[in-house]
Amino acid sequence: MNHFFKENKGLPVFSILIIVAIILGCIFIPFIKGGNHGYMDLNSINMHPNNIFYFGTDSLGRDIFNLIWYGGRASIFIGFTSTIISTVIGVIYGSISGLASKSIDALLMRFCEITLSIPTILLVIFVQGILGKNNTFTICVAIGISSWMSIAKIVRVEINQIKNSEFVVISRLMGGSFLHILKTHLIPNFIPSIMFIIVSNIGSAIVMESTLSFLGLGLPVEIASWGSMLSMSEGALLSNSWWIVIIPGFFIVLTLVSITNLGNFIRENLNKKLGNL
């Protein structure tokens, strides 16, 4: 154990514990506090936090404590799923570009740079418009296919550095397919370099979902998520119900800061290892 902490000096233990605690809370909320999280008690509208409603209730009479944990499921699911989508697209696109001829590589990178220059939120809104109705799946896809460019650029740079290595050349001469070379030789060599972006993209996706919902372009209010809870902020502020805004906002910020700390640790640890080579 001591050896582990010596090798990983600066490990953000507190941030990791927060992330784990939030995920466990989202998973085990039915056992912590029962009841229907979407139940609207019209006799308990905009109630302050108390010993019955720990985080108070919203303007629809729903228990915010339950909504936070059930909404966290949707927000965290969107964060991880959209990151998986963007990572898969970025790895495949960057690998094709890195292994292609100079002309095709230049064409692919120009397209990547043009796409990267467009604000992400505009891309997400455009993709959402194509996909149609907003739900958890379409939000994941929209965010995922709008945030792969940075990963693709790093993968392409890493592949350019290793594609002429003996083990890659030999594998190609022996008839190894693109997917075989990618899985066996390329991914193990560049995955550490993109881990920081992968972790950061999880937090960015959660924030993007919250931003879209706040603007009325994300999940509908009946689907619990941290973002859809924030979409009710205007009415909450007018009624001086601060807890409806502060509590989901706090969980978003806490999760984002914890994920960012973990991502920064991965980046610094990678830089130290590369510096020792």
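The values are calculated or read from the model by the stated rules, or taken from the named source; none is laboratory data. Predicted model, so just to flag it, every value in this text is computed and none were measured. Here the Cβ is made from the backbone with ideal geometry for all residues, glycine too, and neighbour counts use every protein chain on show. When the accessible area is computed, the model is the full protein with side chains, heavy atoms only, and any ligands, DNA or RNA have been set aside. Shrake-Rupley method; radii C 1.70, N 1.55, O 1.52, S 1.80 Å.
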### Task
Please get the size of the charge dipole for region 16-161, origin at its Cα centre, with Cβ charges of +1 on Lys and Arg and -1 on Asp and Glu, quoted in debye to the nearest 20.
240 debye
### Query
Once you charge only the Cβ atoms, +1 for Lys and Arg and -1 for Asp and Glu, what is the size of the charge dipole of region 84-193 about its Cα centre, to the nearest 20 debye?
100 debye
### Query
region 6-160: Rg/Rh from Cα coordinates, Kirkwood Rh?
1.13
### Query
The list (1) -0.43, -0.77, -0.91; (2) -0.52, -0.84, -0.94; (3) -0.39, -0.69, -0.81 gives values of log10 I(q)/I(0) by the Debye sum over Cα atoms at q = 0.09, 0.12, 0.13 Å⁻¹, and only one came from this structure; which label was calculated from it?
(2)
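Hey, if we sort VAL141, VAL157 by accessible area with the 1.4 Å probe, largest down, what's the order?
VAL157, VAL141
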### Query
Can you name the helices of the chain, as whole DSSP H runs, whose Cα span along the helix axis is 15 Å or more and whose Kyte-Doolittle mean is not below 1.6?
13-32, 120-131
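Within 11 Å, Cβ to Cβ, of LEU60, how many net charges do the neighbouring residues add up to if Lys/Arg are +1 and Asp/Glu are -1? Display every interim value, and only then the final one.
Details: positive: ARG62; negative: ASP41, ASP58, ASP63, GLU222.
Charge balance near LEU60 sits at -3.
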#### Entry: Projected label distance in nm at LEU11 and HIS48, using a 7 Å step from Cα toward the beta-carbon
4.3 nm
### Summary
Only helices counted: for the chain, with every DSSP H run of 4 or more residues adding -39500 (n - 2.57) and the sum spread over all residues, [θ] at 222 nm is -23500 deg cm²/dmol
### Summary
For region 137-277, whose charge dipole is built from +1 on Lys and Arg Cβ atoms and -1 on Asp and Glu Cβ atoms, the candidate among ASN201, SER165, SER228 with its Cα farthest towards the positive end is SER165
### Summary
In terms of the charge dipole of the chain, which places +1 on Lys and Arg and -1 on Asp and Glu at the beta carbon, the residue among TYR39, ILE187, THR138 farthest towards the positive end is ILE187
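Nothing charged except the Cβ atoms of Lys and Arg (+1) and of Asp and Glu (-1): what's the magnitude of the dipole of the chain about its Cα centre? Round to the nearest 20 debye.
880 debye
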### Query
Once the dipole of the chain is set up with Lys and Arg at +1 and Asp and Glu at -1 on Cβ about the Cα centre, which of GLY79, SER101, PRO49 lies farthest towards its positive end?
SER101
### Task
Could you work out how far the C-alpha centroid of region 43-67 sits from that of region 15-34, in angstrom?
19 Å
### Query
What ranking do 10-23, 196-209, 50-63, 77-90 get when scored by the average of other Cβ atoms within 10 Å per residue, highest first?
196-209, 77-90, 50-63, 10-23
### Query
Once phi is turned into θ = phi - 60°, what whole-Hz ³J(HN,Hα) does the Karplus curve with 6.51, -1.76 and 1.60 give for every residue of region 53-61, x standing for Gly and Pro?
9, 4, 10, x, 10, 9, 6, 9, x
